[in-house]
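Here is the structure we will look at.
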Amino acid sequence: MITREPIRIGLIGCGHISATHVKGYKELGDVFDVVAVCDVDEDLAHRRAAELGVSHIFTDYQALLYTETINAVDLCLPHHLHAPVALHCLEADKHVLVEKPIGTTLVDADKMIEASQRADKVLMVGHNERYDPQYQEMKRLVDEGLLGNIFCVRADHNYDVNIVGKHWLKNKQEAGGGVLIGSGSHRIDLMRWLLGEITEVFCVQSTLADRFEGEICSLVSLRFERGTIGELACCWAVRHAPWYELMWLYGTKGMIHNATEGILSLYSADNSENGTYKSITIPKISSFTAELRHFGESIRNGTLPLTNGLEGRRTLAVILAAYQSAVENRPVIVGGSPSSR
């Protein structure tokens with residue numbers, strides 16, 4: 001039997017989102033060996049190191065890159081640092097997993113993609129919801145044509161984010177915006193994956209200055225290349241919402257939604273009982289763990305990740321077009337925004 005050594009990886013950024021990655025690494029000892037962690041906050045770095053049993057702790061990511069024998073890095077950093085750090089890591093000949101969004105401008109996204117191609121290294125963006133079993137099943141049903149022609153899609157994100165004290169997410173420049181780039185990006189990415197490219201957007205937003213400089217709520221109308229229309233509502237000031245996130249697809253032969261946790265509710269003229277919804281139970285598998293496994297497989301097999309750099313760029317292009325629409329109060333064609341974005 002051919003055995004392969006675990007991929008030696010460094011975790012750069014030990015804040016909130018890194019905790020979900022740590023849980024994944026604990027389950028994937030056959031795929032990864034986390035050999036070093038890094039954060040400018042040394043206490044945070046020590047905390048993640050203790051959780052992972054790692055002895056190499058850094059506060060300077062460049063020191064990590066050039067003193068540890070690692071093959072890959074996992075970047076769990078503030079949005080505005082994604083591009084500069086990723087570029088240094090790719091130049092140091094490392095495979096890169098970067099949390100979403102890929103960056104805050106399309107110029108930065110292009111630089112990252114080009115750098116990964118020059119280095120012949122994997123660049124993967126952490127749009128983890130594509131690896132969630134419920135959405136993979138939804139994708140399978142759509143691709144099989146069970147719902148017919150999808151003419152409408154609705155999605156939302158409901159959460160109450162109220163951060164006490166100073167935090168980069170409150171800074172509009174560092175975050176690249178507010179709730180849309182911070183959380184709505186997952187919904188945009190999923191809709192693109194399920195239904196194809198988004199060609200036009202119209203967006204309105206509201207703010208709560210005591211919480212974030214960026215928008216607290218975004219409502220986005222979408223038009224898809226295939227003719228589908230859609231809407232996205234995402235908000236970071238939702239108290240006691242009946243659900244966290246929802247996706248609802250309307251087709252000419254049926255519809256599907258995930259309003260009940262752990263269940264897909266499907267109605268299809270081809271596959272329903274007595275005109276009622278069919279419940280599909282979804283296995284409880286962490287999308288973050290599945291995402292990390294896919295990153296490892298992409299490195300080992302030399303294959304393009306599902307959420308590769310170009311996919312991350314395309315999702316970012318929709319988000320930036322929505323921001324432009326909100327500022328200019330008009331529909332915006334995706335890809336028609338200035339190249340500096």
Considering only residues that are over 16 Å from ILE70 (Cβ atoms) and either among the hydroxyl-bearing types (Ser, Thr, Tyr) or modelled with pLDDT of 95 or more (or both), which ones fall in the range 1-13? THR3
Can you find even one residue in the range 301-311 that is surrounded by 22 or more Cβ atoms within 10 Å (Cβ to Cβ) and among the aliphatic types (A, V, I, L, M)? no
Name every residue in the range 119-157 that is out of contact with any His (no Cβ under 8 Å at 6 or more places or on another chain), among the charged types (D, E, K, R), in contact (Cβ under 8 Å) with a residue 12 or more places away in the chain and assigned to a helix (DSSP H, G or I), in order of residue number. ARG130, GLU137, LYS139
Residues of the range 156-186 being closer than 19 Å to VAL204 by Cα and among the small types (Gly, Ala, Ser), in sequence order, are ALA175, GLY176, GLY177, GLY178, GLY182, SER183, GLY184, SER185
Per the list (1) polar (S, T, N, Q); (2) surrounded by fewer than 17 Cβ atoms within 10 Å (Cβ to Cβ); (3) under 23 Å from THR104 (Cβ atoms), residue check on THR69 breaks on (3)
Check PRO101, PRO78, PRO84 and return the single one that is over 16 Å from the mean Cα position of the chain (by Cα) and not hydrophobic (A, V, I, L, M, F, W, C). PRO84
Restricting attention to helices (runs of 4 or more DSSP H) lying wholly within the range 1-104, give those where 1 or more residues are in contact with a Ser or Thr (Cβ under 7 Å, 6 or more places away or on another chain). 18-27, 42-52, 82-91
Out of the range 164-213, which residues are among the charged types (D, E, K, R) and out of contact with any Leu (no Cβ under 7 Å at 6 or more places or on another chain)? LYS166, LYS170, LYS172, GLU174, ASP189, ARG192, GLU197, GLU200, ASP210, ARG211, GLU213
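Yes or no, residue by residue, for (1) within 20 Å of GLU197 (Cβ to Cβ); (2) crowded, with 16+ Cβ neighbours inside 10 Å; (3) touching a helix residue (DSSP H, G or I) at 6+ places or on another chain (Cβ under 6 Å); (4) in the same structural domain as CYS235 (by TED's automatic domain parsing):
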position: GLN62; (1), (2), (3), (4): no, no, no, no
position: PRO84; (1), (2), (3), (4): no, no, no, no
position: PRO101; (1), (2), (3), (4): yes, yes, yes, no
position: ALA109; (1), (2), (3), (4): yes, yes, yes, no
position: ALA115; (1), (2), (3), (4): no, yes, yes, no
position: VAL164; (1), (2), (3), (4): no, no, no, yes
Flagged in the range 46-58 as of a type outside the set (Phe, Trp, Tyr) and in contact with a strand residue (DSSP E or B) (Cβ under 7 Å, 6 or more places away or on another chain), in numbering order, are HIS46, ARG48, ALA49, LEU52, VAL54, HIS56, ILE57
Filtering the range 193-223 for residues that are touching a Ser or Thr at 6+ places or on another chain (Cβ under 7 Å) and within 14 Å of ALA237 (Cβ to Cβ) leaves a count of 4
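Looking at GLU225, GLU261, GLU297, can you tell me which residue is of a type in the set (D, E, K, R) and either under 28 Å from VAL161 (Cα atoms) or touching a Phe, Trp or Tyr at 6+ places or on another chain (Cβ under 6 Å) (or both)?
Exactly one residue qualifies, and that residue is GLU261.
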Considering only the range 290-299, I want to know if a residue exists there that is modelled with pLDDT of 95 or more, of a type in the set (Asp, Glu) and touching a Gly at 6+ places or on another chain (Cβ under 7 Å). yes
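The values are calculated or read from the model by the stated rules, or taken from the named source; none is laboratory data. What you see is a predicted model; the values in this text were computed from it and never measured. Neighbour counts are summed over all protein chains in view; Cβ atoms, including those assigned to glycine, are modelled from backbone coordinates with ideal geometry.
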